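Laboratory data are not the source of any read-out in this text; all were calculated from the coordinates shown. From a predicted model like this one, the values you see are computed outputs, not experimental measurements. Backbone-built Cβ (ideal geometry, glycine too); neighbour counts: all protein chains shown.
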Amino acid sequence: MSKRAVLELKVRNHPGTMSHVCGLFARRSYNMEGILCMPMADKKFSKIWLLVDEDKRLEQVILQTNKLIDVLAITEHAASHEIFEKLECFFNS
Amino acid sequence: MKISGAQLIIKLLERQGITQIAGMPGGANLPMYDALLDSDIKHVLVRHEQSAGFIAQGIARVTGKAAVCFASSGPAATNLITAIADAKLDSIPVVAITGQVPSAMLGTDAFQEIDTFGLMLPITKHNYLVHSIEELLEVIPEAFSIALSGRPGPVAIDIPKDIQNQMIDIQQWPEPGTAAPLAQPSSADIKQIKQMIESAQRPMLMVGAGVINADASEQLVQLAEQLDIPAVTTFLALSVFPHSHPLNMGMLGMHGTKATSIALEECDLLIGAGVRFDDRATGKISEFCPQASVIHIDIDKSEIGKLKIPTFAVNADIGSTLRELLQLMPSDNRIEWHARIQYLKAKHAIITPAHGRLSNPYCLLQQVAEIAGENTNVHTDVGQHQMWTAQVYPFNRPRQWSSSGGLGTMGYGLPAAIGSALAEPERMSLLFSGDGSILINIQELDTAVEHNLNLKIVLLNNRSLGLVRQQQTLFFKGNLSAINNRNAVNYAAVAQAMGASGFDLATAADPQATLQQALNTPGVVLINVPIDENEMVFPMVPPGAANKDLIEQQAC
Ligand SMILES: Cc1ncc(C[n+]2csc(CCOP(=O)(O)OP(=O)(O)O)c2C)c(N)n1
Ligand SMILES: [Mg+2]
């Protein structure tokens with residue numbers, strides 16, 4: 001299995017944001033292994049968590065994602081971030 | 001003040017300074033067309049929505065301002081797609097506004113319902129499906145701001161019909177959307193560039209359309225002169241340098257001269273200014289500028305390192321960067337390198353045959369340029385005629401050149417030339433087209449005639465899809481497939497039938513005199529010029545090869 005990274009995106013919460021993010025990954029053929037999205041306490045914003053491949057293209061992925069108008073901030077985490085690990089039980093039953 | 005959504009849209013466009021809109025009405029945008037009747041905005045009815053997108057591009061490319069096109073839902077919106085995708089690849093600020101079926105019918109496969117949001121998403125800088133009338137107050141100014149900020153690009157707004165019909169009470173107007181301030185270079189950036197230029201023996205500028213977008217052409221030429229640095233330009237940036245400037249080596253890449261290819265092999269510093277290292281420019285990128293350190297200056301951070309890893313990069317406004325360098329760097333003379341460049345330029349120059357016959361594309365282009373003079377905007381379609389124009393046309397001012405680069409869209413030329421004729425009626429709008437390309441949007445002759453535009457079409461008629469024929473000749477053993485070389489259309493007669501003036505140099509007793517007369521005929525003019533079908537564009541770098549492995553001319 002290739003190395004993974006986790007991206008945490010703060011985005012504008014409105015219909016279409018998910019399409020913009022997923023569309024970008026699809027058309028630039030970047031692998032997206034997992035995605036989680038929920039509104040934040042301030043409903044104007046949402047958080048999107050992405051589980052992605054950590055390869056030499058990751059930096060370009062982040063730069064392209066950053067250009068999306070609805071994406072306000074991106075933080076990169078190591079793949080061991082607990083968000084996807086804690087959810088594993090929901091996906092392995 | 002109570003107004004409808006449609007009136008609100010038109011009012012917001014007026015406040016953006018929009019004076020002309022190209023488009024076509026249909027069921028889903030009728031309220032907007034009704035509201036247009038009360039506006040001073042001039043509407044230009046197209047005969048195919050693709051042209052609405054290209055007219056907007058034509059306006060935007062010559063003015064640098066954002067331009068607007070309108071289309072209805074369904075087939076009207078899909079017709080826009082090609083022109084919007086074209087604007088995306090060439091970074092042109094176009095705002096496309098489409099009507100959509102009423103909100104309540106979304107998702108029901110209603111008449112002329114199509115997922116315009118989904119279709120526009122991958123080919124725009126940003127796009128919207130408007131969900132409420134209040135949103136318009138935010139979305140429309142923001143769309144202009146996005147289209148114009150940083151690296152420009154198209155924005156699409158899809159507006160359901162019920163929102164156009166809804167009423168709203170407006171107390172206060174939002175500010176019009178404008179370009180956001182650009183990132184500035186740091187003094188450390190400038191110092192580093194200065195130091196790298198000073199320690200280079202053979203620096204070379206690679207000039208891209210980012211320089212035009214930054215309105216920094218003048219500064220760029222000035223810096224080249226001050227530091228005695230030669231320049232190659234990308235296809236889109238051809239008009240940055242006056243054509244005959246001694247430091248201008250012209251276009252690099254697939255149809256660039258051998259001089260550019262040798263000079264790029266030899267240079268030890270490449271300064272990429274507003275470029276994206278497109279494959280048509282660099283050839284096989286791993287062999288591009290093998291000896292050079294690379295400075296990359298671009299406003300789009302994602303372009304830095306995307307294809308060519310720079311030695312040093314500045315993600316900031318190219319205009320400010322150039323101005324600071326101009327201030328900081330003393331003038332320089334690079335006697336050896338300068339002489340080498342002049343030698344290469346002279347040795348590998350593209351030669352215009354002395355016979356002057358108009359069936360030779362270079363002779364034709366030179367003579368048209370001479371007759372038309374400098375007060376022109378020059379457009380092409382896509383094919384050999386486009387590359388010949390790019391190679392030799394004597395441009396003399398930024399934004400004089402308008403052609404589909406990144407997407408290479410046949411059919412671009414006529415509507416784009418209409419756009420520039422509408423935007424700058426005081427200049428002649430000149431279009432070099434091909435017998436293949438012109439047919440793609442030929443219906444717009446009717447539009448051009450309706451507005452009595454100062455538009456001259458020079459049709460390089462080689463009776464074939466020439467660039468395809470060229471590739472088949474060179475790379476497919478001369479097996480010609482589907483190149484339409486039986487084309488017998490009487491283009492001059494077509495033009496006349498559509499109300500334009502048509503000339504045909506095939507039957508002219510004195511072609512030179514007819515050309516002169518045609519270019520001096522007011523209004524919309526089409527001039528059919530027979531070109532030898534065996535003419536090819538040389539040099540040519542085979543697709544995928546390194547620029548140094550170019551084919552100089554046909555081996556017979
Ligand atoms: C919309 C579109 N379809 C197909 C092509 C592929 N193509 C590139 S050049 C060309 C031939 C153009 O013929 P013409 O306009 O006569 O120009 P010429 O090369 O003969 O000067 C074709 C078919 C394209 N660039 N755009
Ligand atoms: Mg042709």
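Odds and ends about this structure:
- Whichever lysines have a C-alpha closer than 24 Å to that of residue B:548, once near sequence neighbours (fewer than 8 apart) are set aside: B:258, B:284, B:306, B:308, B:345, B:347, B:477
- Two-site label geometry, residue A:78 and residue A:58: point separation in nm, points 7 Å out along Cα→Cβ: 1.1
- Between residue B:374 and residue B:182, the distance separating the two model label sites (each 7 Å from Cα on the Cα→Cβ line) works out to 2.5 nm.
- The length gained on full extension between residue B:15 and residue B:194, counted as 0.36 nm times the residue separation minus their Cα-Cα distance, comes to 60.1 nm.
- Cβ-Cβ FRET estimate between residue A:33 and residue A:67, R0 fixed at 22 Å, reported to 0.05: 0.50
- Cα point-scatterer Debye curve for segment B:413-556, base-10 log of I(q)/I(0) at q = 0.14 Å⁻¹: -0.73
- Tensor-based shape of chain B (alpha-carbon gyration tensor, a/c under 1.5 rounded, otherwise prolate or oblate): oblate
- Between residue B:218 and residue B:336, the simple label model (points 7 Å from Cα in the Cβ direction) yields a spacing of 3.6 nm.
- Extension reserve of the residue B:78-residue B:346 stretch, reckoned as 0.36 nm per residue once the Cα distance is removed: 91.7 nm
- The average projected area of chain A, computed from the convex hull of its Cα atoms over all directions, is 6.4 nm².
- Cα coordinate range in the protein assembly as shown, projected on the principal axes (Å, largest first): 77, 61, 51
- Interchain or long-range residues, amide H under 5 Å from residue B:95's placed H: B:67, B:68, B:69, B:155
- Protection proxy ranking of B:378-387, B:504-513, A:58-67 - average other beta-carbon atoms within 10 Å, highest first: B:378-387, A:58-67, B:504-513
- Here r is the Cβ-Cβ distance between residue A:22 and residue B:450 and R0 is 45 Å; the resulting FRET efficiency, rounded to 0.05, is 0.55.
- Per-bin percent of Cα-Cα distances, segment B:62-171 [5 Å]: 2, 13, 24, 23, 18, 11, 6, 2, 0
- Centroid-to-centroid separation of segment A:25-93 and segment B:317-378 [C-alpha atoms, Å]: 48
- For segment B:1-111: Kirkwood Rh in Å [reciprocal of mean 1/r, alpha carbons]: 14.2
- Of every Cα-Cα pair in segment B:174-217, the percent that sits beyond 11 Å: 78
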